Amino acid sequence: MADFYTASDAGVAYYRSKDPLQNFKLRICLRRITSNMLLSDLDETEDKIDNERMLNANPNADCEDRVFQWQEKVFSQREVEFYSVEENCTDILSKKYQKIVRELKDKDNPQNRLFSIVDHDRFFSPDETIQPMTTSVSERITPLTKQMFAVRQRKTSSKKTSTKTLHPKGNIIELGPSIENKIQRGIFHGPVQKMYIMADLSPKDRASTKEDECILCRIELDRNGVMSLQPDQNKGKAPYVIETAGLGRDVFEYSIEHVSNRISCEERDQQLKLYRELYDRHTDFYKAIIGNEFDDVPDDVLRLVVYGEIESAQNFEYNDLYLHFFLDLPKGWSSSTGQELAWVTQTCSTKVIGKENVAYYSFPFNFELLYKKDLSKANSTDDLPHFPNIYFEVLSLDSWQRYRTEGYSYLTVPAMPGLHKKKIDCWRPCGNSILAELRRFFIGGSPELEDPTYVGIPSTFEGSHLSKIGFRTETTGSVKLSLNVLMQSRAFMEKKSNSQKLGNLMENLGMSAVQTTVLQVLAALKKAQTRMRLAREAVAAFQDLRIKND
């Protein structure tokens with residue numbers, strides 16, 4: 001066993017072990033020390049308690065040493081007297097205990113201070129009342145409710161423990177940790193098995209009572225195999241000290257030691273071999289389930305998979321909107337045969353949300369593309385490739401079957417994998433006269449683009465400069481969509497093994513060299529426009545205030 005977390009000095013310690021719980025053993029050594037001897041020894045040593053000197057000074061000191069196994073039941077004297085009476089044994093567990101107690105009496109079992117309470121023992125405070133589950137006046141407490149209450153409440157006494165801790169300061173056992181303690185320690189309890197190691201601190205000249213019993217150690221095991229021990233083992237530290245209540249106060253000290261049998265080197269090697277074989281079998285089993293049907297890509301190919309969704313369109317002039325959008329593949333990109341690269345959404349009516357007219361689509365689409373280039377060449381003289389563009393056309397259709405072009409826009413597929421939320425603004429071309437607007441209003445139809453790729457850079461354009469001066473447009477609404485981008489390439493594994501970043505790979509692809517620069521320029525321009533607008537608003541507000549004061 002190896003502890004991976006220790007709380008306070010008193011402490012709660014947590015352990016994890018792969019060994020069977022039947023091998024777990026804990027040794028408790030309890031010694032009785034008189035009050036006068038403790039005080040004189042504290043004066044002599046100023047802060048410490050020398051256990052060996054006390055035992056030598058008082059060889060007849062009350063001392064008990066016992067080894068407890070996991071869920072080992074050891075009866076106290078009070079339990080022996082209780083289960084000896086026939087009337088107290090009504091259920092199966094109590095009858096089982098009665099049989100064990102009779103066997104102990106036949107063997108002339110000596111009196112012992114140390115005993116244990118295991119997980120299946122039911123002990124709780126009879127003074128506590130069962131809280132009702134509802135607010136109904138006619139609610140009745142059923143026998144099942146009483147039994148469940150007995151299982152839930154696990155306390156050793158209806159009163160607070162009559163012992164107090166001398167070392168270390170504070171309570172060693174927390175029977176009911178508060179919510180703040182749980183949050184502070186980060187411990188969230190689930191189904192657990194419990195075991196208590198207790199001591200009967202009553203004097204030898206009188207009978208034992210429940211108030212004389214106290215908890216020395218609490219052991220809990222959760223479903224994840226984590227065992228908590230409170231308080232922790234002494235591990236060479238000073239023993240824990242407790243003091244009884246009443247006139248004749250007696251002082252006891254006890255130590256906790258882990259004494260489980262250690263395995264030999266040969267057994268440990270054999271155990272590791274068995275674990276290794278077990279893990280290999282699990283690996284082969286998972287390989288058999290998964291199979292080898294995953295497609296791999298060649299060394300010089302990048303696979304791009306995109307799962308997208310058209311979420312909404314808003315702030316367009318007319319109602320009943322639908323979108324037509326398609327994918328334009330640049331040089332070097334290809335798709336599989338029969339794959340759809342163009343889509344048309346359903347027609348949606350708009351609804352007013354705030355001051356905006358919004359049409360919701362939730363239209364899914366996906367595509368898979370391949371880009372082929374020699375990724376091993378860091379400096380390529382070829383033209384810089386670009387990621388594909390998605391071109392959008394928003395149209396409206398009324399009850400007279402008149403359709404109108406509401407806007408155009410485009411979006412470049414992001415060059416980084418992951419989830420991307422995008423909002424693209426749209427525009428539409430305007431005619432050179434008022435006749436185009438009259439035709440659009442009365443009979444439908446409006447100026448359209450002969451080549452929708454003219455929204456960005458036309459695929460047929462081969463020049464060095466593209467001028468759009470003189471082209472009249474009008475700003476319309478916007479479209480919101482989300483894209484989940486996945487990339488697959490052997491170069492990713494090679495770059496990762498060479499401790500190189502993804503950005504270097506994208507630069508070799510030639511995709512981030514241009515796009516990153518353009519995005520940075522656009523972001524800086526947008527920030528400058530925002531600052532200019534805020535400055536103009538501040539100047540206008542100052543002028544209005546000055547006019548009012550004059």
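The values are calculated or read from the model by the stated rules, or taken from the named source; none is laboratory data. Model, not experiment: these values are computed from the prediction. Note that each Cβ is placed from the backbone with ideal geometry, even for glycine, and that neighbours are counted across all protein chains shown.
Some observations on this one:
- Looking only at the stretch 244-287, residues that are small (G, A, S) and modelled with pLDDT under 85 come to 4 in all.
- Subset of the stretch 345-377 (residues that are exposed (fewer than 15 other Cβ atoms within 10 Å of the Cβ), at pLDDT 85 or above and outside any strand (DSSP E or B)): Q346, S349
- Residues of the stretch 209-229 satisfying the condition of being crowded, with 19+ Cβ neighbours inside 10 Å and touching a residue at least 60 places away in the same chain (Cβ under 8 Å): E213, L216, C217, I219, L221, M227, S228, L229
- The stretch 113-138 residues that are over 29 Å from E79 (Cβ atoms), paired with ones that are at pLDDT below 80 (beta carbon under 8 Å, 6 or more apart): P132/E139; P132/I141; M133/E139; M133/T145
Rundown of residues vs (1) touching a residue at least 12 places away in the same chain (Cβ under 8 Å); (2) surrounded by 15 or more Cβ atoms within 10 Å (Cβ to Cβ); (3) assigned to a loop (DSSP other than H, G, I, E, B), yes/no style:
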| site | (1), (2), (3) |
| --- | --- |
| D269 | no, no, no |
| L274 | no, no, no |
| D280 | no, no, no |
| A288 | no, no, no |
| F294 | no, no, yes |
| E311 | yes, yes, no |
| L323 | yes, yes, no |
| W343 | yes, yes, no |
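- Number of positions in the stretch 378-401 that are modelled with pLDDT of 70 or more and not aromatic (F, W, Y): 12
- Test: L302 is modelled with pLDDT of 85 or more, over 24 Å from D65 (Cα atoms), aliphatic (A, V, I, L, M) and surrounded by 11 or more Cβ atoms within 10 Å (Cβ to Cβ): yes
- Test: residue in the stretch 422-442 that is part of a loop (DSSP other than H, G, I, E, B) and among the basic types (K, R): no
- Unique residue being touching a residue at least 12 places away in the same chain (Cβ under 8 Å) and farther than 26 Å from H420 by Cα when the list is P364, P298, P330: P298
- When the stretch 230-251 is limited to residues that are under 24 Å from K73 (Cα atoms) and touching a Phe, Trp or Tyr at 6+ places or on another chain (Cβ under 9 Å), the one that is surrounded by the fewest Cβ atoms within 10 Å (Cβ to Cβ) turns out to be N234.
- Residues (of a type outside the set (K, R), in contact (Cβ under 8 Å) with a residue 60 or more places away in the chain and surrounded by fewer than 15 Cβ atoms within 10 Å (Cβ to Cβ)) located in the stretch 400-429: M416, G418, L419
- All helices (runs of 4 or more DSSP H) inside the stretch 36-135 with 1 or more residues being at pLDDT below 85 and within 21 Å of E253 (Cβ to Cβ): 51-57
- All of G407, G470, G445 fail the test of being over 49 Å from the mean Cα position of the chain (by Cα), under 21 Å from A313 (Cβ atoms) and of a type in the set (G, A, S), apart from G445.
- One residue from A535, A541, A523 being modelled with pLDDT of 70 or more and within 37 Å of the chain's Cα centre (by Cα): A523
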